[in-house]
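Enquirer: So that we are looking at the same thing, I have put the structure below in structure tokens.
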Amino acid sequence: MTVHSPGLVAPELIPVAAPWITEREGDLCREAALTAWGPDHYRFNRLFEQRFADYVGTRHAVSVPHATAALHLALAALGVGPGHEVIVPAVTWIASVAPVSYVGAEPVFADIDPDTWCLDPAAVEAAITPATRAIIGVDLYGSMCDWPALRAIADRHGLALIEDAAEALGSRLDGRPAGCWGDVSAFSFHGSKTLVTGEGGMLATSDDRLLARVNTLRDHGRPPGDRFFQNTEIAFKYKMSAVQAALGLAQMERIDALIARKRAIFGWYRERLAGMNGIAINAEPPGVENSFWMVTVVPDAAHGIDKFELMARLRARNVDSRPFFSVLTDLEAFAGKPAAARFLPAVPKGRAAADRGVNLPSGYNMDEAKVDLVCRVLADALGIG
Ligand SMILES: *Cc1c(COP(=O)(O)O)cnc(C)c1O
């Protein structure tokens with residue numbers, strides 16, 4: 001590795017993510033801590049869930065401890081289990097995939113589109129076997145899957161369609177929000193995400209029967225309304241606390257401002273990065289409105305630099321970043337699952353982004369001057385400054 005002496009250095013570390021918290025969030029959390037007990041203990045959850053469902057265009061939303069739980073519940077409620085396969089993108093955060101193993105099913109990796117970084121419908125179609133039960137599409141970094149194509153494939157083969165919208169709150173496709181495209185969808189409110197509750201998540205669905213199943217499964221197998229501890233099966237406990245729900249409700253009240261800010265931050269980056277040679281950034285094809293959870297750059301191979309070296313060069317200049325998610329077959333976690341990769345080409349189309357992509361600081365603390373500095377630091381780190 002070449003030792004690069006930093007030229008331009010940010011005066012203090014610019015973090016890769018930061019939430020936007022106001023007095024309103026603090027006030028509602030305080031109110032929840034003081035009042036949301038006894039018969040009122042679920043009041044803030046209900047308000048948060050209702051507002052969330054209205055926003056994403058589903059009949060129901062269910063607050064849960066994290067998106068991982070939402071995906072686990074979705075698979076369990078759909079009856080996915082041992083002997084079944086679930087098609088997942090070959091490049092995503094492991095939380096999109098791990099719940100497939102929780103229910104005893106097998107993940108099967110399908111390649112992603114090199115520009116949108118989301119599932120390639122043709123690759124999905126090619127990975128279907130008699131054991132396939134579901135497809136999990138991931139709206140990566142705020143990008144949108146080709147949901148109409150995935151829906152057509154799912155319907156043709158009788159498969160369930162799950163939308164991992166953890167990174168895409170506020171994105172739209174053909175005017176319809178992320179989260180309304182799957183039979184069931186999952187959102188994350190982890191502290192780095194577009195809307196935060198610290199840890200937290202939401203399951204959204206318009207299917208009444210699926211909702212009833214989810215509500216039983218997330219409450220230790222109690223039929224809805226059970227007050228006598230008469231569990232009908234062994235299940236899970238996946239609920240969100242009132243204080244977290246109050247925080248989420250306050251964020252939901254400000255959702256339009258949050259999304260506008262995310263798009264403004266990306267706009268400042270786009271103005272500067274568009275002029276840089278050999279750099280690809282987040283796609284926004286016609287019909288898509290991307291909420292740009294994380295601004296992402298993928299330098300061309302000609303730059304001769306991988307994501308970890310670029311991160312190190314940025315860090316040496318006081319700019320924090322994150323690596324693009326890896327091709328899952330590269331992770332030790334999946335070393336024991338070679339069958340998961342049997343439909344992947346030797347060099348997946350997702351590899352360029354996965355090997356060279358880096359997420360730049362995208363938090364709500366970013367202003368135009370900071371974005372400008374990060375872009376100059378990036379150019380310097382790549383030696384194109
Ligand atoms: C963050 C994330 C998750 C998991 O969210 P948690 O709330 O941490 O469980 C799932 N999928 C994707 C694509 C994510 O980015």
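Enquirer: So, in segment 54-69, exactly how many residues are open to solvent by less than 50 Å² (accessible area, probe 1.4 Å), within 16 Å of the ligand (Cβ to nearest atom) and in contact with a helix residue (DSSP H, G or I) (Cβ under 9 Å, 6 or more places away or on another chain)?
Expert: 8
Enquirer: Here is a follow-up. If I ask for residues that are surrounded by 14 or more Cβ atoms within 10 Å (Cβ to Cβ) and within 30 Å of residue 180 (Cα to Cα), which ones from segment 9-35 would you list?
Expert: 16, 17, 18, 19, 20, 21, 24, 25, 28, 29, 32 - these are the residues of segment 9-35 that are surrounded by 14 or more Cβ atoms within 10 Å (Cβ to Cβ) and within 30 Å of residue 180 (Cα to Cα).
Enquirer: Still on this structure: For residue 205, work out the one condition from (1) closer than 14 Å to residue 58 by Cα; (2) within 16 Å of the ligand (Cβ to nearest atom); (3) open to solvent by less than 10 Å² (accessible area, probe 1.4 Å) it doesn't fulfil.
Expert: All conditions pass for residue 205, except number (2).
Enquirer: While we're looking at this one, here's another question. Of all residues in segment 224-283, which are among the aliphatic types (A, V, I, L, M), closer than 30 Å to residue 384 by Cα and open to solvent by less than 50 Å² (accessible area, probe 1.4 Å)?
Expert: 264, 265, 273, 276, 279, 280, 281, 283, listed by residue number.
Enquirer: Now a separate question. How about segment 224-260: which of its residues are assigned to a loop (DSSP other than H, G, I, E, B) and of a type in the set (A, V, I, L, M)?
Expert: Listed by number, the residues that qualify are 234, 235, 240.
Enquirer: Something else now. Output yes when any residue across segment 285-296 is farther than 16 Å from residue 167 by Cβ, open to solvent by 10 Å² or more (accessible area, probe 1.4 Å) and not in a loop (DSSP other than H, G, I, E, B), and no when none is.
Expert: For segment 285-296, residues farther than 16 Å from residue 167 by Cβ, open to solvent by 10 Å² or more (accessible area, probe 1.4 Å) and not in a loop (DSSP other than H, G, I, E, B): absent.
Enquirer: Across segment 154-194, what is the total count of residues that are free of Cβ contacts under 8 Å to residues at least 12 places away in the same chain and not in a loop (DSSP other than H, G, I, E, B)?
Expert: Within segment 154-194, residues that are free of Cβ contacts under 8 Å to residues at least 12 places away in the same chain and not in a loop (DSSP other than H, G, I, E, B) number 2.
Enquirer: May I pose another question? Evaluate the following for residue 168: is it open to solvent by less than 30 Å² (accessible area, probe 1.4 Å), modelled with pLDDT of 95 or more and closer than 13 Å to residue 56 by Cα?
Expert: Yes: the conditions hold for residue 168.
Enquirer: Please pick out the residue among 46, 51 that is more than 9 Å from the ligand (Cβ to nearest atom) and touching a helix residue (DSSP H, G or I) at 6+ places or on another chain (Cβ under 7 Å).
Expert: Exactly one residue qualifies, and that residue is 51.
The values are calculated or read from the model by the stated rules, or taken from the named source; none is laboratory data. Keep in mind that this is a model prediction, so the values were computed, not measured. Cβ atoms come from the backbone with ideal geometry, glycine included; neighbour counts cover every protein chain shown. Quick note on the areas: whole protein, heavy atoms, side chains included, nothing else; ligands and nucleic acids left out. Shrake-Rupley method; radii C 1.70, N 1.55, O 1.52, S 1.80 Å.
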